[in-house]
Structures are given as C-alpha cells and as structure tokens.
Amino acid sequence: MISYEFDYTRPDTVEAALDLLDDDSKILAGGHSLIPALKLRLSAPGKLIDIARIPSLKGIKMDGNELVIGAAATHSDILESDLIKQHLPMFAEGAALIGDPMIRHKGTLGGSLAHADPSADWPAMVLAAEGTVVVQSKTGTRSISSDDFFTGFYSTALESGEIITEIRFPIPAEGTKMTYQKFVQPASRFAIVGCAALRHPDGTARVAFTGVADAPFRDTAVENAVGDWSEEALEAAVALTAQGMEFNVDHYASETYRHHLARVYCRKALKALLY
Ligand SMILES: Cc1cc2nc3c(=O)[nH]c(=O)nc-3n(C[C@H](O)[C@H](O)[C@H](O)COP(=O)(O)OP(=O)(O)OC[C@H]3O[C@@H](n4cnc5c(N)ncnc54)[C@H](O)[C@@H]3O)c2cc1C
C-alpha cells in the first residue's frame with residue numbers, strides 16, 4: 001500500500017530536530033517500522049523528521065567506564081564495531097541475527113528501543129547489559145534505566161517531545177561472559193523467543209527475555225537461582241523461567257509452546273556462559 005503524503009525534513013542537529021518536533025510530526029530513523037505503519041495508516045503524522053544522519057547520533061565510543069552507542073547507530077554499525085566486539089560481544093552476536101543485510105544497514109538501535117516491538121532483539125540485550133537510555137527534549141536531557149524504559153506493549157517511558165540520543169552501558173569487568181540466544185521467526189527473523197544473559201565474574205547474572213510477553217523483561221527469579229552455576233542450580237533456575245507471565249500467543253507459538261521455548265532458550269543461554 002502506498003503511504004499518504006507527508007512533509008519530510010532532515011535536520012543536521014538534535015536541537016534543530018527538537019525545534020521541529022510537535023504533535024503532528026514523527027521522528028524517522030531507519031524507517032523499517034515507521035514506514036510500514038504509515039502505509040497501513042496506523043499512524044498519520046504530517047511531517048517526518050529524519051534523524052538518521054545527524055552526526056552526533058551516529059557513533060560508538062568509550063566515555064570513562066561506559067560504552068556509548070548513538071541512537072542512530074545501525075545494527076550493522078554495532079555488528080562491525082571493534083569496541084562492541086571487545087566489550088559487549090553479545091551485541092555483535094545479536095545484531096548478526098537481526099533481519100537481513102538491508103534491515104541491518106538501515107534499522108537503528110534507538111528506533112528499535114523507541115518502537116518497543118515485543119519481539120525485537122535489542123530490548124532483551126539492552127536490559128541484560130544494564131543499558132541506560134539517554135533522551136533529550138527542549139528542556140534538557142534525562143537518563144532512563146532500561147529496567148524502567150519498557151512499560152508495556154509497544155510502550156516505553158519516552159515522552160512526547162523527547163528524542164533518544166544515546167544508550168550507555170557500564171563496561172563489563174574482565175571475565176564477564178554474555179550471550180544472546182534466539183529462536184527465529186523464519187519469515188521476519190524477529191524473535192519468537194530471545195534470551196540475553198550475562199554472567200559477572202562474581203557469579204551474579206542478568207537474564208532478560210524478548211518475544212515471550214507483551215514487553216521485554218528481566219527475569220530476576222532466574223537471576224537469583226543460578227547460585228553456584230552447578231548443573232542442579234541451572235536446572236532449578238530454568239524451571240523458574242517466565243513464571244507468572246502472560247505469554248504472547250500467535251500462529252507461530254501457543255502459550256504452552258512459548259513457555260517451553262523460553263525455558264529451552266534460557267537453558268541454552270545459561271549453559272553458554274559456563275566456560
Ligand atoms: C522485514 C523486517 C525484519 C526485521 N527483523 C528484525 C529482527 O529480526 N529483529 C529485530 O529486533 N528487529 C527487526 N526488524 C526491525 C528493524 O530492525 C528496526 O529495528 C526497527 O524497524 C526500528 O528501527 P528503525 O531505525 O527502522 O526505526 P523507525 O522505523 O524509523 O522508527 C520506529 C519508531 O521509533 C521512533 N524513533 C526512531 N528513532 C528514535 C529516536 N532516536 N528517538 C525517539 N524516537 C525514535 C519513530 O518515531 C517511530 O515511532 C525488522 C524489520 C523489518 C521491516
């Protein structure tokens with residue numbers, strides 16, 4: 001379906017983008033979720049503000065003890081970054097599993113987080129890696145912990161008039177292990193179930209899921225149960241996966257099958273962190 005007519009503008013700075021942002025406009029990044037929504041008439045803004053080439057939103061850099069990814073960094077930028085491979089290898093692993101090369105070259109980290117598709121890969125990885133989402137509005141900037149960012153089905157803590165500018169991550173300590181394991185939807189490549197897990201050198205864990213429920217979530221019951229990472233402890237942790245969740249149901253996976261997949265991918269993730 002062809003989209004209706006809209007104005008298009010491509011500012012050079014975040015400040016210029018914020019000046020243009022009003023109730024009748026939408027931020028455009030990679031366009032891989034927004035443009036289909038416009039074509040389906042699910043959204044009808046009068047103006048698109050293209051932020052994909054704003055230089056300050058593009059880079060991946062170190063800042064003190066944090067790794068900072070610009071909101072307009074594409075999945076490919078992340079996949080190819082040496083800093084990512086060195087400090088957050090799970091992100092390169094996960095980015096490689098997103099869509100196909102065209103999707104990876106256009107889709108952005110900020111766009112994926114703002115859109116908050118319940119099957120998107122980044123939300124689980126960002127939760128496991130303790131990301132902080134930095135947003136800017138005309139009145140200043142604020143930082144939102146990823147633990148508080150995803151609020152429900154396609155919903156986030158982002159307020160109108162705000163643009164995600166960067167996502168910050170603590171640089172994991174030497175010896176930290178991490179992985180992203182995904183059961184792929186064969187057509188779109190989105191996650192039917194995805195599990196991101198991180199094991200700190202002291203044995204504590206962060207475990208997060210996507211695709212399972214209406215929003216990505218950290219599974220603190222699993223995190224608390226890994227204990228000494230013995231075979232028994234891991235099986236006990238896996239048994240607790242997604243307890244009490246209301247599961248997504250679609251023609252790819254029933255509630256029972258999704259719960260089963262969540263346990264299987266939790267086990268795969270935890271076992272990948274053993275050695
Ligand atoms: C065929 C196909 C396959 C895909 N496969 C996968 C997959 O396997 N895994 C996966 O995780 N994803 C997948 N995606 C999603 C894709 O990779 C993008 O992550 C997703 O479309 C959102 O990123 P975008 O940059 O395209 O955002 P856009 O479509 O440009 O924007 C999405 C929404 O976010 C808002 N927005 C964008 N950037 C910002 C910002 N910086 N601040 C505030 N709001 C912002 C926009 O206004 C819009 O509401 C797929 C998409 C397609 C079309």
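Note on A44 and K85: with the Förster distance fixed at 41 Å, the Cβ-Cβ geometry gives a FRET efficiency of about 0.50.
Applying 1/(1 + (r/R0)^6) with R0 = 22 Å to the Cβ-Cβ distance of T204 and D63 gives a FRET efficiency near 0.35. Using a Gaussian network model of the chain with C-alpha springs under 10 Å, which one of S43, S56, S146 is most mobile by mean-square fluctuation? Ranking S43, S56, S146 by mean-square fluctuation puts S43 first.
Tell me, what is the FRET efficiency for D22 and A173 to the nearest 0.05, using R0 = 41 angstrom and their Cβ-Cβ distance as r? Calculated transfer efficiency: 0.40.
Per-residue Karplus couplings for the range 107-123, computed as 6.51 cos²θ - 1.76 cosθ + 1.60 with θ equal to phi - 60°, are listed in order as x, 10, 5, x, x, 5, 5, 5, 6, 6, 4, x, 10, 6, 7, 4, x Hz, Gly and Pro entered as x.
Rounded to the nearest 20, the size of the Cβ-charge dipole of the range 177-272 about its Cα centre is 420 debye, with Lys and Arg at +1 and Asp and Glu at -1. Within the listed set R168, R218, R41, the residue fluctuating most in the Gaussian network model of the chain (springs between alpha-carbon atoms under 10 angstrom) is R41. Applying a DSSP loop filter and a limit of 10 other Cβ atoms within 10 Å to the GluC sites (Glu not before Pro) in the range 184-275 leaves E246. Comparing M90, M102, M62 in a Gaussian network model of the chain (Cα springs below 10 Å), the most mobile by mean-square fluctuation is M102.
Every number in this text was worked out from the coordinates using simple rules, so none of it is lab data. Everything numeric here is computed off the predicted structure, so don't read it as measured data. Every residue, glycine among them, receives a Cβ derived from its backbone with ideal geometry; neighbour counts consider all protein chains shown.
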